[in-house]
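These notes concern the structure reproduced below.
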Amino acid sequence: MPIRLVSNAFRRLKALPPGARLVWCLALLWFIGAVIYLIAGPNPWSEELDFSREAKESVRTHAYVVEGEWWACVLNLGLSLVVMTGLFFFPTNARLSQPSHSALKIDTEIGSPASPRERKFILALILLAMGLSAFLNYPLLHFSLWGDEEATTRRFIVGHVHRKDDDSLKLVEPQWQKTIWNYDNGPNNHNLFSVLSRLSHSLGTQSHEPDEFYFSAVLIRLPSYLSGIISVAVIAWLAALLGFLRAAPLTAFFAAVHPWLIRWDVEARGYSLELLLAPLAIALMIVALRAGRWRWWLLFGVVEVLLFYAHLGSLYLLVPLNLAALFLAWRPGKGRWNPLTNPQLWRWGVANGLAAMAVIQLLAPCLRPLKLWLASPRAQGDIGWPWIEDALSFFASGMPWNEWDAANPNSLTLAERIHQWPVLSMAALALLTPLFFMGLVWFLTSLRRAFYLSILLTPTVLTILQAKIGGKVLYPWYLVGFLPQFLMIIAIGAVMFPYGLRISERWRPYLSAALSVLSLAALLFLSQPQRHLYRSRGVELLEQSVRHMREVVNPFAPGIDDVITLGYVHHTRLYDPAARLLNLTDDATATEDFVKWLRAADAESKPLYVNTANLGLARQYFPTTMNLLENPEVFEPPVIFPGLQEATTRYVYRYRPGAVAKLSLSR
């Protein structure tokens, strides 16, 4: 009996299409790997795991990995069996040439078909937009990293520089399991970017020149920069797949010039990867539905995994994306009510099953720390009307609507732009806003496009609703991964508007081109100040503020301790690892430590600096030290390095030698 079962199983496996057999073999390999790991690998009971906050971060990360990977293998053991068993029931008698959604086949054109010459021109324009994106984004590669980028770089990519007992400095690189899995500070680690950036940074060599930093911001940002350029082509490809080939070039140019995308395309975080992978996932779903081949569904699953690993916020895209794919692959009715007889639905389900296995294996170690972070006060927040104003304004122009710092010359707003240029600004908004709604109308002209429209719009709505209902913090830039889809809708509205008018076919291309140029000019005008600002200076001038204090900036070069710098509130430990870290347990302890280093500077005749930011926070928790910093008899007036958003303006204070001896600090 067992021999007959095995024989029947092999016979059934041989009858499967080549793609299904490949998937079955992948599931088998996963099953074997899970069994080996569960037998030979570490388990939560083989060693004493320490999850406490008192343990070192590396110890906690190791504990999360051991626990998470073991349970992930247990789950994937079952899932791989489900996939292998399920494939034996794959409907092999279905005709591959007619996938289940054939009635909803996507139009390649709307209006008159594009000629080969026109197609070549469209391709040339898209390549030109990619070149423009590379040019506009290039200066940002060389700017100073800012707070969030610095934290990611120091913790997961480059490592910490520690001061040893002999007062020398040593670089301690992070363990790879920390780069791949660490969520100790919540989703601050965009895992996929951290992995790619660490690989990119390893291509360079560590500098020991006194005036050069020991890391390369260019190499750290390189994965983001490259993915940002490619994302311009991908969003254009998506527009073409949706049937709007002529809107593809304008979509690409919108994506290339929008200030928000210029910034986040180069940011040393996972947003650029999300900007690439989100439209790519939608495009591959469309191709998989049209082609009905295993290769496309498997590639769709791979991109889903990478997208979710790059940024957890993409969950709000993946859910509506797969609900739409489920309906379009199934298409119940017309004799297709039974999903077990639908090969397209099987391909979708199996591809997502394998993707789920990969996600479980990658992110299981992150679940426990993520749960702790979501329950922490840092994850709590609220969305009010000013937030909505800013979010809409960011989408329209890359600038907020509300001023965030009246004293900061970099606090640009769309409201100010309208006030300065009321006629042109209102004309630009009056053009772009109706074009967006015209684009929506084109999607609503058929059922299939309505489904695709839901995929484009729903993620933004779901993200905002989840944050509002759950009381979670939501920074506007968490939505940037969905911005290109909105720009595509505007481009479709501009290009396709003439094709809905009762005018001569001869005049439609000219009117479409005119609207395209006008809409691009409108976006360029509205967003020009912010685009210029992003391309002219970094978000937070950490590098410049450190160079102001030190001639020698490399911690491994002689002379690094010729200057004393103090690590205070919002200290930059990446750019200034040689700083003496103050004990910030409380105000009294901080003040005692602060004064100790002022006296040491006098005793050693060394200049002393304090490089800080977010003075409001410092005044709240350390009022005495702030009184010292702001005392003109003790410190010179600060040199200010304005930032581009809240809490990024740097203040560099220089101590007046001998001043501490003249003060009575007993009070």
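The values are calculated or read from the model by the stated rules, or taken from the named source; none is laboratory data. The structure presented is a predicted model; accordingly, all values stated were derived computationally and were not measured. No Cβ is skipped: glycine too gets one built from the backbone with ideal geometry, and neighbour counts run over all protein chains shown. Heads up: the accessible areas ignore ligands, DNA and RNA and are worked out on the full protein's heavy atoms, side chains in. Shrake-Rupley method; radii C 1.70, N 1.55, O 1.52, S 1.80 Å.
Just name the residue that is modelled with the highest pLDDT out of those in segment 233-248 that are more than 25 Å from S200 (Cα to Cα) and open to solvent by 10 Å² or more (accessible area, probe 1.4 Å). Ranking the candidates gives W237 first.
Test V639 against the stated conditions and say whether it is touching a strand residue (DSSP E or B) at 6+ places or on another chain (Cβ under 9 Å), crowded, with 22+ Cβ neighbours inside 10 Å and closer than 29 Å to F215 by Cβ. Answer is no for this residue.
Taking the stated definitions as given, is G384 open to solvent by less than 20 Å² (accessible area, probe 1.4 Å) and not basic (K, R)? When the stated conditions are applied, G384 does not pass them. The set of residues in segment 642-657 that are open to solvent by less than 90 Å² (accessible area, probe 1.4 Å), of a type outside the set (F, W, Y) and within 22 Å of E403 (Cβ to Cβ) comprises P642, G643, L644, Q645, A647, T648, T649, R650. One residue alone among L511, L515, L533, L526 is open to solvent by 30 Å² or more (accessible area, probe 1.4 Å), among the hydrophobic types (A, V, I, L, M, F, W, C) and assigned to a helix (DSSP H, G or I), and that residue is L511. Per the listing N583, N627, the residue uniquely modelled with pLDDT under 95 and either part of a helix (DSSP H, G or I) or of a type in the set (V, I, T) (or both) is N627.
To keep it simple, each residue is scored yes or no on (1) at pLDDT 95 or above; (2) under 30 Å from L453 (Cα atoms); (3) under 33 Å from the mean Cα position of the chain (by Cα); (4) charged (D, E, K, R).
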| residue | (1), (2), (3), (4) |
| --- | --- |
| E67 | no, no, yes, yes |
| F90 | no, no, no, no |
| S112 | no, yes, no, no |
| R119 | no, yes, yes, yes |
| S144 | yes, no, yes, no |
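Conditions tested, residue by residue: (1) free of Cβ contacts under 8 Å to residues at least 12 places away in the same chain; (2) more than 29 Å from G147 (Cβ to Cβ); (3) of a type in the set (V, I, T); (4) touching a strand residue (DSSP E or B) at 6+ places or on another chain (Cβ under 7 Å).
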{"residue": "R508", "(1), (2), (3), (4)": "no, yes, no, no"}
{"residue": "V517", "(1), (2), (3), (4)": "yes, yes, yes, no"}
{"residue": "S536", "(1), (2), (3), (4)": "no, no, no, no"}
{"residue": "Q544", "(1), (2), (3), (4)": "no, no, no, yes"}
{"residue": "M549", "(1), (2), (3), (4)": "no, no, no, yes"}
{"residue": "V552", "(1), (2), (3), (4)": "no, no, yes, no"}
{"residue": "G559", "(1), (2), (3), (4)": "no, no, no, no"}
{"residue": "G567", "(1), (2), (3), (4)": "no, no, no, yes"}
{"residue": "D576", "(1), (2), (3), (4)": "no, no, no, yes"}
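Residue under question is S231, and the condition is that it be touching a residue at least 60 places away in the same chain (Cβ under 8 Å) and on the phi < 0 side of the Ramachandran plot; does it hold? In short, yes. The condition of being of a type in the set (S, T, Y), modelled with pLDDT under 95, assigned to a helix (DSSP H, G or I) and more than 23 Å from Q206 (Cα to Cα) holds for Y499. Would you mention how many residues in segment 602-614 are open to solvent by less than 20 Å² (accessible area, probe 1.4 Å) and either among the aliphatic types (A, V, I, L, M) or in contact with a Cys (Cβ under 8 Å, 6 or more places away or on another chain) (or both)? Result for segment 602-614: 3.
For segment 313-323, a tally of residues being surrounded by fewer than 20 Cβ atoms within 10 Å (Cβ to Cβ) and within 10 Å of the chain's Cα centre (by Cα) returns 0. Could you say whether any residue in segment 161-182 is β-branched (V, I, T), assigned to a loop (DSSP other than H, G, I, E, B), surrounded by 14 or more Cβ atoms within 10 Å (Cβ to Cβ) and in contact (Cβ under 8 Å) with a residue 60 or more places away in the chain? No, the conditions are met nowhere in segment 161-182. Yes or no: I220 touching a Ser or Thr at 6+ places or on another chain (Cβ under 7 Å), open to solvent by less than 10 Å² (accessible area, probe 1.4 Å) and not polar (S, T, N, Q)? So I220 passes the test.
In the condition set (1) buried (at least 20 other Cβ atoms within 10 Å of the Cβ); (2) farther than 30 Å from F213 by Cβ; (3) at pLDDT 95 or above, A124 is compliant with all but (1). Condition first: closer than 18 Å to F143 by Cα and without any contact (Cβ under 8 Å) to a residue 60 or more places away in the chain. Now tell me which residues in segment 626-649 satisfy that. Across segment 626-649, the qualifying residue is only I640.
Collect the residues in segment 79-88 that are in contact with a helix residue (DSSP H, G or I) (Cβ under 9 Å, 6 or more places away or on another chain), of a type outside the set (A, V, I, L, M) and modelled with pLDDT of 80 or more, keeping them in residue-number order. Within segment 79-88, S80, G86 qualify.
Of the residues in segment 454-463, none is of a type in the set (V, I, T), exposed (fewer than 13 other Cβ atoms within 10 Å of the Cβ) and modelled with pLDDT under 95. Selection of segment 519-551 for residues being among the polar types (S, T, N, Q) and farther than 22 Å from L435 by Cβ yields S536, Q544, S545. If you filter segment 383-407 down to residues that are touching an Asp or Glu at 6+ places or on another chain (Cβ under 9 Å) and in contact (Cβ under 8 Å) with a residue 40 or more places away in the chain, you find that the one that is farthest from S527 (Cα to Cα) is D405.
Only a single item in (1) surrounded by 12 or more Cβ atoms within 10 Å (Cβ to Cβ); (2) at pLDDT below 90; (3) closer than 27 Å to D184 by Cβ is not met by V74, and it is number (2). For segment 241-253, the condition holds for at least one residue, the condition being that it is in contact (Cβ under 8 Å) with a residue 24 or more places away in the chain and at positive phi. Scanning segment 538-552 for residues that are surrounded by fewer than 21 Cβ atoms within 10 Å (Cβ to Cβ), out of contact with any Gly (no Cβ under 8 Å at 6 or more places or on another chain) and either among the basic types (K, R) or not in a helix (DSSP H, G or I) (or both) turns up just one, R547.
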